[in-house]
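Trainee: My structure is below; once you've seen it, I'll send some questions.
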Amino acid sequence: MADHLVTMTNRNQVELSGVTNVVTFDEQAVILETTMGLLIIMGEQLHITMLNLDQNKVAVEGNIAAMEYKAQGSDFKARSKNILNRLLK
């Protein structure tokens, strides 16, 4: 299992390792599958600035308001549908 490391700078840039998949993203939320469970990054004007799943690394920039871990298979499906509905409107 790859190590999971989170480095945040001034609440506007976060670099992560141990990321296995990007589940979904928009300007308000980025949902990542990591070696430690699902990670939800919430904020405004969020953008993925670096994505290298071969090295399990992701970088996100924007106004980061919160980061929350969820266990795999938790109520994520309901949240995912809400995000998908927002994107399709």
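FYI, it's all coordinate maths here, none of it is from the lab. Everything numeric in this text was worked out from a predicted model, so none of it was measured. Cβ coordinates were reconstructed from backbone atoms using ideal geometry, including for glycine residues, and neighbour counts include every protein chain displayed.
Trainee: Applying a 10 Å radius around every beta-carbon, put 48-56, 24-32 in order of their mean neighbour count, most first.
Mentor: Output ranking for 48-56, 24-32: 24-32, 48-56.
Trainee: I would also like to ask the following. How do the peptides 11-18, 63-70 rank, highest first, by the average count of neighbouring beta carbon atoms within 10 Å per residue?
Mentor: Per-residue Cβ counts within 10 Å, averaged per peptide and sorted highest first, yield 11-18, 63-70.
Trainee: Given a cut-off of under 8 Å on Cα pairs at least six residues apart, what relative contact order in percent is computed for region 29-72?
Mentor: With pairs under 8 Å counted, the relative contact order is 41 percent.
Trainee: Short version: ³J(HN,Hα) in whole Hz for each residue of region 35-45, in order, from phi by Karplus 6.51 cos²θ - 1.76 cosθ + 1.60 (θ = phi - 60°), x for Gly and Pro, what are they?
Mentor: Once rounded to whole Hz, the list reads 5, 10, x, 6, 10, 10, 9, 10, x, 10, 6.
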